[in-house]
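Worksheet: the structure to be examined is printed underneath.
What follows draws every value from the coordinates through simple rules; no lab data is involved. Small disclaimer: the values here were computed from a predicted structure and weren't measured. Reconstructed Cβ throughout: ideal geometry from the backbone, glycine too, with neighbour counts over all protein chains shown.
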Amino acid sequence: MLPGGCDIHAAFDSPTGLIYPAMDTGNLTLRTNSTAHEILVDPKTGRARGVAFVDSVTHKSLEAKAKVVVVGASTLESARLLLLSKSPQHPNGIGNSSDHVGHNFCEHLMGPGVTGLVKELVGKEHGIEDGRPGGFYVPRFRNLSDKQPGFLRGYGFEGNSGKSIFPDSTDRPGFGKQYKKEVRDYAGAFINMGGFGEVLPRYENAVSIDPDVKDAWGIPVLKFDYKFGDNEKKMAEDMAVTAKEMFEAAGIEVIGVDKELLTEGWSIHELGTSRMGSDPKTSVLNQFQQSHDVKNLFVVDGSSHVNASCQNPTWTIMALAWRSCDHLADELKKGNL
Amino acid sequence: MTRREMLGATAAALVLPLLEARPLAALTRYNFAARVFTPAEFALVDELSDIIIPTDEVSPGAREARVAGEIDRRLADALDPEQVKRWKDGLRAVEDLSREMNGTTFLKSTPEQRVAVLTKMASTEDETPGSRRRRRANPSSSIGGFYRQLKGATTRAYYTSKIGIHNDQHYKGNVFQTGEYAGLDPT
């Protein structure tokens, strides 16, 4: 996918695939520059009755009325919005009778990996290999049929190799003619791969409303209590050791092993702050990402994921959102909402 | 010509006679009105980049590829004003080091003395294997930090230039092939 979307609408992106078609129905009003800060509650029924927001251009406070409120602000902002929406009916924040909103925050684990040199490729002329599909992927293999002593769950490897338009050898040491020759000779002779693992969901890994700090609109921001645990550290150790073993078995000269974990939050796939489940005491949303507490409230983003697994989450988020919308449409037709 | 370009050109015209023959040639040959660098700074970047990536038997070097101009363009378009300051501070530090080591400015030093200054700057370079997969942290204001910045910007500009891509790397890219697949190297 191209950053910023595909100009000729050949590839999927939200405007092309979803927003323009929705506008074509005539039933969509898109209100940009609107920062929502509270889901409003009907004091009689306890149900959601709309959203309070600030127009970010005029700074005016406004309200939108709604039969159903669907939140899709992404994991962190959705949790923030729910937690900010306190009312006598929902003193912990809307949809939060379980005290699980903001908790079980999880994401992915990156950092450990290996770099190798394929000696046979040093000094080779450029071919047309840049035209190949790029990169390779080793799917998860830990804790499937085996049982690792050190950690639960697993990780995959993502890697790349081959010549590209910009040489991958520019960090050869030194400068001058020797440097220039080495960049030329070593271009495309490297191969590297790194682990992409699961951070376990744990109740104590949580986001909450910061009592002191507010954003530009005067809305309280999130505070993070989030740390990798022993499972993540053991998994990271295994990533580095296993990556090295694989390269050595393939006859690749290992020239570098990264062992360090990239810091918490680096891998950007934030998930799990309003987890899905069948028990309203230990989960926030049902299987349709509908609030257990407030039937006309849905959260359709990564918030509902009960764990991060070791894959990129976007397709799962989209598939679940689609299912939620089907359910919502059914329920509206049946008059249940 | 915009007002800024005119100012740059005028400033260049005023300072040019003060510069040495070689960097002067570089400036006049490309008729380049720097937007961020002063003519003296531009001449210094031009020379430093050409020492890092010189002409060899395969391809022309950084000067021919107009690397200094590309660095100036990128800095002029940069959103972070700190970047320009880091470069100006770094270039001043190169001149300070040159005066300390050679008793004169970088461009008035002999070619050997210039290489000695760069060698000194490069001595802090991290050559530990295993760091390839990570982008190095923000360059510090130290001379070693500026060396990494200078080398990074030089390689980035050079290997994205026509000279770098074609003359040096012999990049073939996606070659349009009809009929039977001609293999990895269809030329």
Taking only the alpha-carbon positions of region A:1-158 as identical scatterers, the Debye log10 I(q)/I(0) at q = 0.10, 0.17, 0.18, 0.21 Å⁻¹ comes out as -0.72, -1.15, -1.20, -1.35
Residue order, fewest to most beta carbons within 10 Å, for A:F141, B:F106 | A:F141, B:F106
What ranking, highest mean first, results for peptides A:87-95, A:105-113 when packing means the other Cβ atoms within 10 Å averaged over each residue?
-> A:105-113, A:87-95
For the table A:K44/A:K65; A:K65/A:K281; A:K65/A:K214; A:K44/A:K334; A:K86/A:K223; A:K119/A:K259, the rows whose alpha-carbon distance is greater than 21 Å are A:K65/A:K281; A:K65/A:K214; A:K44/A:K334; A:K119/A:K259
Reduced Cα scattering model of region A:166-228, Debye log10 I(q)/I(0), q = 0.15, 0.25, 0.28 Å⁻¹ = -0.65, -1.04, -1.09
Stokes-Einstein, Kirkwood over Cα pairs, region A:77-164, 4 °C, 1.567 mPa s; D in µm²/s equals 70 µm²/s
GNM on chain A, C-alpha springs below 10 Å: top fluctuator among A:N231, A:N27, A:N312?
-> A:N27
Filtered trypsin sites (Lys or Arg not before Pro), region A:1-64: DSSP coil and at most 11 other beta carbons within 10 Å = A:R31, A:K44, A:K60
Taking Cα atoms, the helix A:230-249 axis meets the longest principal axis of chain A at an angle in degrees (rounded to 10) of 30 degrees
Order of A:S14, A:S85, A:S145, A:S304 from fewest to most other C-beta atoms within 10 Å?
-> A:S145, A:S14, A:S85, A:S304
Sequence of B:Y181, B:Y159, A:Y203 once ranked by neighbouring C-beta atoms within 10 Å, starting from the fewest | B:Y181, A:Y203, B:Y159
Alpha carbon centroid spacing (whole Å) that separates region A:105-125 from region A:37-68 | 49 Å
Average silhouette area of region A:253-337, convex hull of alpha-carbon atoms, in square nanometres | 7.6 nm²
Mind listing which GluC sites (Glu not before Pro) in region A:224-275 are in a DSSP loop and have 12 or fewer other Cβ atoms within 10 Å?
-> A:E260
Dipole of the protein assembly as shown [Lys/Arg +1, Asp/Glu -1 at C-beta], most positive-end residue of B:G173, A:A319, A:T35 = A:T35
Over the whole of B:166-173, what's the average partner chain Cβ count within 10 Å per residue? Rounded to a whole number, please.
-> 6
Could you grab the relative contact order for region A:95-254? Cα pairs under 8 Å, six or more apart, rounded to a whole percent.
-> 34 percent
Calculated P(r) of chain A - Cα pairs past 30 Å, % | 49 percent
On a 0 to 90 degree scale, rounded to 10, what angle separates helix A:75-84 from the longest Cα axis of chain A?
-> 30 degrees
Calculated [θ] (222 nm, deg cm²/dmol) that DSSP helices of n ≥ 4 give over chain A, each run adding -39,500 (n - 2.57) = -6000 deg cm²/dmol
Mean 1/r over distinct Cα pairs of region A:158-307, inverted to a Kirkwood Rh in Å, yields 19.8 Å
May I ask you to derive the relative contact order of region A:202-337, considering only C-alpha pairs under 8 Å and at least 6 residues apart, and to give it as an integer percent?
-> 14 percent
Roughly how tilted is helix A:314-334, in degrees to the nearest 10 and between 0 and 90, from the longest Cα axis of chain A?
-> 20 degrees
GNM result for chain A, Cα springs below 10 Å: residue of A:L320, A:L83, A:L271 fluctuating most strongly = A:L320
Unit charges on C-beta of K, R, D, E only; dipole of the protein assembly as shown, Debye | 800 debye
Mind telling me which of A:S303, A:S61, A:S274 comes out most flexible in a GNM of chain A, alpha-carbon contacts under 10 Å?
-> A:S61
